[in-house]
1. Given the options 97, 67, name the one that is surrounded by 15 or more Cβ atoms within 10 Å (Cβ to Cβ), among the aromatic types (Phe, Trp, Tyr) and within 29 Å of residue 394 (Cα to Cα).
2. Regarding residue 329, is this residue crowded, with 19+ Cβ neighbours inside 10 Å and not basic (Lys, Arg)?
3. From the set of residues in region 339-362 that are over 19 Å from residue 297 (Cα atoms) and not in a strand (DSSP E or B), which is nearest to the chain's Cα centre (by Cα)?
4. So residue 317 ticks every box in (1) touching a Pro at 6+ places or on another chain (Cβ under 9 Å); (2) within 20 Å of residue 291 (Cα to Cα) but one. Which box is left unticked?
5. Which of the residues that make up region 250-288 are over 30 Å from residue 91 (Cα atoms) and small (Gly, Ala, Ser)?
6. When residues of region 283-314 are filtered for being assigned to a loop (DSSP other than H, G, I, E, B), in contact with a helix residue (DSSP H, G or I) (Cβ under 6 Å, 6 or more places away or on another chain) and open to solvent by less than 60 Å² (accessible area, probe 1.4 Å), how many remain?
7. From the list 203, 166, 144, exactly one residue is modelled with pLDDT under 95 and closer than 24 Å to residue 94 by Cβ. Which is it?
8. What are the residues in region 176-194 that are modelled with pLDDT of 95 or more and either in a helix (DSSP H, G or I) or farther than 16 Å from residue 139 by Cβ (or both), if any?
Amino acid sequence: MTGLHLDNRAARRLFLHRHGLGDAPTGSGKGPDLLDVIERLGFVQLDSVMTVARAHDMILRARRTSYRPAHLKRLYEVDRQLFEHWTHDAAVIPRSYYPHWHLRFARDREMLKARWQKWRGHTFDDQFDTVLSHIRDNGPVSSAEVGPQEGKKSGGWWEWHPSKTALEYLWRTGTLTVIGRDGFQKRYDLTERVIEEHLHGPAARPDPEETIDWCCRTAMDRLGFATSGELAAFWATITPQEAKDWCAAKLASGEIVAATIAGHDGALRKVFAWPDVDQAAAALPPVPGRLRVLSPFDPALRDRNRAQRLFGFHYRIEIFVPAPKRVYGYYVFPLMEGDRLVGRVDMKTDRESAQLVVTALWPENGVRWGGARQARLETELDRVARFAGMEGVTFLDGWMRDPQP
């Protein structure tokens, strides 16, 4: 594979601009402006962990400092500009993309039924008619309002009684739609009552080939450059072979080109890109030099291997690592300054003292943590504290740590 080449600086700049981190985080952060941010990203992953704020809120705050969680809730639950479904994980997605989820619904129908019956050890499909009749007659429900645990708080997979499993299956396969969340518990309604006919009806269902093409094109737009495997993984809707075939066909027709990307260490990686990728990268302004706190689930870091290749930043979340074996901490936030990842910070909110408490900060290897950088950090942490409803920032003794090898 030969063709265009992007050096590491140009590749990082292009990648960050495509992920909404190449501009100053100005804008209203609500309504049409917020929808524009989400369309630019493609989707925003939802996550329940909240040491400071939920992941989806931190993702959006990094791109719009004026953003507040109520803005996403309104866009999703009141304005109905988003729908919730699965990419690589649960996410909110622009509603206009809904027709391309029909392929996923169809593919999940048999795969999930067989997998979940084996996993849960019960025939949850016996509950389909009961669950649907209940929703049809009584309106939207949460999992706590159906089945033998009616009225009780629903737990994790270990408490997935047949009715809850049926709810999730009917949502994952398109019969039900999640209309919002109470706390972090999903509420389900009939898709026919929520999604407009022109998005979910028979006439709104693209051929599989059309959705494969849409998935690859929109992934390429958002990644800037990619292997076929990275295109397939972006939406996690099509197979690696389908993406590989798409790349082969578009390369042969000249719609995409072969390219090489330099990693942080100078290693070259073969990728595909649009023919003008070098011109597009050259035309972009430098990434603002401000320091930003990123969510561990930020779209720019979702592909951990790509982040390591481009930025030399090795990140693994340690929530499920026993505390004595953690290298950093339970839920550590990456720090981005300009087009570099310069460190990571372990922090959480203390509601009793109304303080954002910083336990530890590790600069990356080769990063000097001087007074100017510390001032930028403190400015950003003040913003994060206000965003989380805290009154200030407290640094615990011994918070500055040595870089890890």
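1. Criteria check complete, one pass: 67.
2. The answer is yes for residue 329.
3. Residue satisfying both the conditions and the ranking: 351.
4. (2)
5. Correct list: 252, 253, 254, 258, 259, 262, 266, 267, 282, 283.
6. 8
7. Among 203, 166, 144, only 203 is modelled with pLDDT under 95 and closer than 24 Å to residue 94 by Cβ.
8. 191, 192, 193, 194
The values are calculated or read from the model by the stated rules, or taken from the named source; none is laboratory data. This one's a predicted model, so the numbers in the text were calculated from it and none came from an experiment. With ideal geometry, Cβ positions are generated from the backbone for all residues, glycine too; neighbour counts draw on all protein chains shown. Accessible surface areas use protein heavy atoms only, side chains included; no ligands, DNA or RNA. Shrake-Rupley method; radii C 1.70, N 1.55, O 1.52, S 1.80 Å.
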